[in-house]
Amino acid sequence: MYSSISGCFRAFDNSIVERLALLGLDDPDACRMSEELQEQLIRPRIDEITGRYFDLLVSIEEFNSIVAMHSGPEALKVTLKSYLLSLGVSFQHPEYFDERVRIGRVHQRIGVPLPLYQCTFQKLQSLLIEFVPRGIGDIGSARVEMINFILRITALDMSLASESYCNARIVGLQDSLDSQRGESERLRKLATTDWLTDLHNHSHTRKCLGDALDHAQAEGLPLCVVMADLDHFKKINDSHSHLVGDRVLRIAAARMLSGARTNDHVGRYGGEEFLLILQNTALGEAGEVAERVRTRVNNDLVQCGDTSITVTVSLGVAQARDDDTVDDVIARADAALYVAKAEGRDCIRSSAGPAGIPRLQ
């Protein structure tokens with residue numbers, strides 16, 4: 001019967017075989033001892049062993065608090081009895097390993113500290129040894145053999161449960177870190193993103209411009225800023241409602257993004273104003289980008305239910321200078337936008353020349 005065990009091992013996962021060999025449980029006699037453990041020790045005195053172990057556990061204040069919070073005393077007794085009746089039974093099969101791993105995860109989940117779990121398990125070892133019948137053989141053979149098996153089989157259970165406990169703890173910590181990272185990312189997005197258009201908000205757009213301006217001035221690269229403002233937007237709100245106005249803003253923002261290049265920054269600067277940051281871009285190329293944005297915005301009517309709304313945009317373009325601050329370059333783009341508004345809207349004007357005098361592009 002027991003000679004077939006080594007053949008069974010070949011079908012098992014290598015980690016199971018290694019664990020059993022490490023504890024000396026790969027010996028065919030170990031299967032015989034598992035049967036004797038149940039038949040001669042545990043089953044005949046299961047109620048007494050369960051009662052003693054239960055009393056020991058609930059005498060520990062920390063463990064008693066955990067029991068009261070979760071399963072309750074009666075459920076714990078049932079669990080202990082079930083565990084003892086399965087101790088060592090078919091320990092060479094993967095299902096035994098799976099169950100011990102599950103036990104470790106359960107203890108981790110309900111909050112039993114690992115040191116407490118290990119110490120109470122050692123007390124179970126001592127209790128089982130105390131219950132080893134003294135009449136099962138002479139002192140040098142069967143009794144010692146039974147005690148050794150108890151030590152080995154409980155060591156197996158403890159090693160599996162402790163390993164799964166630690167793994168579950170690691171997974172829990174990883175989940176917690178992932179959750180914190182997700183929350184941090186959510187808060188970061190809230191702090192930097194405009195809630196309506198999902199573009200970067202005013203403050204983050206200014207920060208991005210500051211970083212881009214520093215880089216351009218340090219590397220001697222061109223940088224342009226485009227200030228865009230939706231035309232007659234107050235009229236849209238007054239005529240169709242603010243909800244419709246919000247929809248127009250969202251659609252206009254999406255169209256601006258589609259007209260901009262991949263590396264261009266598009267942010268909502270305030271109200272119906274938007275700011276585009278065009279890195280490594282001179283004034284002529286910036287005008288081309290601005291024109292593409294303008295035509296994307298007014299290319300199609302915006303549909304709001306049965307209402308069709310014409311949306312146009314005016315744009316002012318300015319190229320940064322070596323001594324510009326963020327406010328300087330924005331002010332020149334804003335001045336060019338003012339000219340575009342004054343000259344009929346739905347057009348682009350640029351600021352150029354040493355005095356920043358607006359001119360037609």
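Here are some notes:
- When Ala142 is tested against (1) touching a helix residue (DSSP H, G or I) at 6+ places or on another chain (Cβ under 6 Å); (2) at pLDDT 80 or above, exactly one condition is not met: (1).
- Among the residues of the stretch 114-139, those that are in a loop (DSSP other than H, G, I, E, B), modelled with pLDDT under 80 and of a type outside the set (A, V, I, L, M, F, W, C) comprise Arg134, Gly135, Gly137, Asp138.
- Check on Phe97, in the same structural domain as Ile49 (by TED's automatic domain parsing), crowded, with 18+ Cβ neighbours inside 10 Å and in contact with a Cys (Cβ under 9 Å, 6 or more places away or on another chain): no
- Within the stretch 297-308, residues that are in contact (Cβ under 8 Å) with a residue 40 or more places away in the chain sit with their Cβ atoms under 6 Å from residues that are part of a strand (DSSP E or B), at 6+ positions apart or across chains, in these pairs: Val297/Val313; Val302/Ile309.
- Just one of the listed residues (Leu213, Leu221, Leu249, Leu278) is in a strand (DSSP E or B) and surrounded by 13 or more Cβ atoms within 10 Å (Cβ to Cβ), namely Leu278.
- Pick from the stretch 69-92, criterion assigned to a loop (DSSP other than H, G, I, E, B) and at pLDDT below 85, ranking: nearest to the chain's Cα centre (by Cα): His70
- Residue-level check: of (1) surrounded by 13 or more Cβ atoms within 10 Å (Cβ to Cβ); (2) among the β-branched types (Val, Ile, Thr); (3) at pLDDT below 85, Ile110 misses just (1).
- Only listed residue being of a type outside the set (Lys, Arg) and at pLDDT below 75, chosen from Asp178, Asp211: Asp178
- Val293 vs. criteria touching a Gly at 6+ places or on another chain (Cβ under 8 Å), touching a residue at least 60 places away in the same chain (Cβ under 8 Å) and among the β-branched types (Val, Ile, Thr): yes
- Taken together, the criteria place Ile103 among residues that are within 22 Å of Leu41 (Cβ to Cβ), modelled with pLDDT under 80 and crowded, with 17+ Cβ neighbours inside 10 Å.
- Only a single item in (1) over 23 Å from Asp214 (Cβ atoms); (2) without any contact (Cβ under 8 Å) to a residue 24 or more places away in the chain is not met by Ile348, and it is number (2).
- Subset tally (residues that are buried (at least 21 other Cβ atoms within 10 Å of the Cβ) and in a loop (DSSP other than H, G, I, E, B)) for the stretch 300-352: 2
- The number of residues in the stretch 299-330 being touching a strand residue (DSSP E or B) at 6+ places or on another chain (Cβ under 8 Å), more than 13 Å from Ile251 (Cα to Cα) and not polar (S, T, N, Q) comes to 7.
The values are calculated or read from the model by the stated rules, or taken from the named source; none is laboratory data. In this text, all values refer to a predicted model and were calculated from it rather than measured experimentally. So basically every Cβ, Gly included, is an ideal-geometry build from the backbone, and we count neighbours across all protein chains shown.
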